[in-house]
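Here's the structure we're looking at; comments come further down.
Values quoted throughout were computed directly from the atomic coordinates according to the rules given, and no laboratory measurement underlies them. Owing to the predicted nature of the structure, the values given are computational and were not obtained by experimental measurement. Glycine also receives a Cβ, built like all others from the backbone with ideal geometry; neighbour counts cover every protein chain displayed.
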Amino acid sequence: AAPSGVAVLNVPLVGQAGSRSRLETPAAVLDLDIFERNLAMMAQTCGQAGIAFRPHAKSHKCAEIARRQVASGAVGICCAKPGELMALFDAGIRDLMLTAPVASAVKIDLLARACAAGARISVVVDRPDLVMAYAEAASRHRTRFDVMIDLDTGLNRSGVAGANDAVDLARHAAQQAGLRYVGVQAYQGRVQHIDGFEARRGANAEANRVLAELLAALRRAALVPGVVSGGGTGSHLLDAQAGLLTEVQPGSYVFMDEAYNSVDIHGKGGPGFGPALRIAVTVVGHSSRGFAIVDGGSKSFALDGPAPHVLLGQDVVGRVEWCGDEFGRILPGAGLDALPIGTVVECTVPHCDPTINLHDFLHVASGDRLVALWPVEARGRAD
Ligand code: PLP
Ligand code: MN
């Protein structure tokens with residue numbers, strides 16, 4: 001994609017020393033070194049535990065990141081919506097799982113076309129008519145979907161909760177030409193952000209007891225799930241230890257956000273995944289009470305999470321308080337003065353997934369330099 005908006009103004013800076021602090025803003029910045037460490041850490045944890053990982057693209061919506069995740073060892077990529085999946089397919093990603101049931105014949109037809117055009121798509125189902133809709137679309141386009149039964153182990157969002165329903169649905173799927181029954185999904189979303197490793201382990205174990213019963217019922221019915229997919233950044237280590245899932249679906253680990261910053265993901269209390277996604281903003285004035293005002297508000301950050309930290313180089317110089325759709329106010333740390341007008345700072349993000357959905361490009365930075373711009377192909381695709 002050709003750069004547009006503020007990205008156009010930043011293109012000439014690519015490769016220049018010191019360019020990172022001269023960005024036109026607001027701009028989404030990816031700290032390449034932190035990002036690469038995050039990628040390697042997930043690959044290493046899963047590799048050592050012998051569990052596969054299929055990262056969730058809902059967090060980044062970016063084909064280049066998906067490619068790098070696959071290069072780091074991921075077995076494929078998850079998507080939350082058909083539009084997100086199609087955008088990544090159009091950008092060259094081929095092994096894709098749609099992690100939510102849908103209710104649209106039009107979208108199912110588009111997905112089947114993508115399969116016929118070379119995608120391997122796995123879909124989740126939680127009702128018989130959806131099985132039939134996928135089967136019919138696959139036959140119509142002379143192709144095949146891989147199908148997973150969506151299980152509700154306590155999230156109360158999608159999925160079947162009863163063993164009989166799971167077995168009936170799996171049998172139904174296994175009988176359809178055009179479908180291949182490959183396994184189940186059990187996403188334990190409520191567990192992910194529980195602070196405290198042992199508290200999180202307890203909640204995960206509770207959901208796993210439900211999952212274990214459902215898996216046993218499927219096994220008894222000779223419908224052994226080859227793939228058991230679920231989990232996220234907050235539970236991936238617990239999932240690797242518990243041994244029920246065959247693959248985890250971590251999303252946020254690539255970027256991290258303040259919603260995850262307080263979560264002791266690795267159970268060591270120390271730093272784990274680092275804050276690779278930042279929003280660069282510029283001090284555009286000072287309020288009458290002397291606070292630095294920056295040029296980013298709710299149109300540049302999704303606000304549903306704890307307040308961002310403001311970074312000037314390696315230093316945390318304050319936190320952001322929102323004061324409008326286009327403005328934020330820096331509350332400086334103790335003993336720090338308000339930053340001068342024109343200063344470009346980077347802010348961590350309250351919640352990474354909806355934040356990246358506000359940006360067309362990632363400004364990739366290493367050290368003091370802007371090194372590349374990556375398009376966020378599926379930005380805006382909540383369809
Ligand atoms: N899998 C599913 C089905 C999800 O909905 C999500 C996030 O909402 C994830 C995985 C990734 O979670 P996280 O960003 O916490 O790693
Ligand atoms: Mn999230």
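Annotations
- The slack between SER21 and ASP304, meaning 0.36 nm per residue of separation minus the straight C-alpha distance, is 99.2 nm.
- Computed E for ALA205/GLN314 - FRET, C-beta separation, R0 41 angstrom, nearest 0.05: 0.60
- Hz values of 3J(HN,Hα) by residue in region 278-290 - Karplus curve (6.51, -1.76, 1.60), Gly and Pro given as x: 9, 10, 7, 9, 10, 5, 10, x, 10, 6, 4, 9, x
- Region 60-174, relative contact order [Cα under 8 Å, separation at least 6], %: 20 percent
- Taking the number of Cβ atoms within 10 Å of each Cβ as an exposure proxy, the fewest-first ranking of SER59, SER21, SER104 is SER104, SER21, SER59.
- Ranked list, fewest to most other Cβ atoms within 10 Å of each Cβ, for ARG289, ARG68: ARG289, ARG68
- For region 75-94, the residues whose backbone nitrogen is under 18 Å from a point 7 Å from the Cα of ASP109, taken along Cα to Cβ, are 82-83, 86.
- In order along region 358-370, phi translates into HN-Hα couplings of 9, 10, 7, 9, 9, 8, 7, 10, 9, x, 9, 10, 7 Hz, rounded to whole numbers, per the Karplus curve 6.51 cos²θ - 1.76 cosθ + 1.60 with θ = phi - 60° and x for Gly and Pro.
- Among VAL125, VAL371, VAL248, residue whose mean-square fluctuation peaks in a GNM of the chain (springs only between Cα atoms under 10 Å): VAL371
- In the chain, helical runs assigned H by DSSP with n ≥ 4 each contribute -39500 (n - 2.57); averaged across all residues and rounded to the nearest 500, the mean residue ellipticity at 222 nm is -9500 deg cm²/dmol.
- Tilt relative to the chain, helix 197-220 - C-alpha long axis, 0 to 90 degrees, to 10: 20 degrees
- Going from the residue with the fewest nearby Cβ atoms within 10 Å to the one with the most, HIS236, HIS60, HIS193 rank HIS193, HIS236, HIS60.
- Each residue of region 180-194 is assigned a 3J(HN,Hα), and the resulting list reads 10, 6, 10, x, 9, 10, 9, 8, 9, x, 6, 7, 3, 9, 5 Hz, derived from the Karplus form 6.51 cos²θ - 1.76 cosθ + 1.60 (θ = phi - 60°), x at Gly and Pro.
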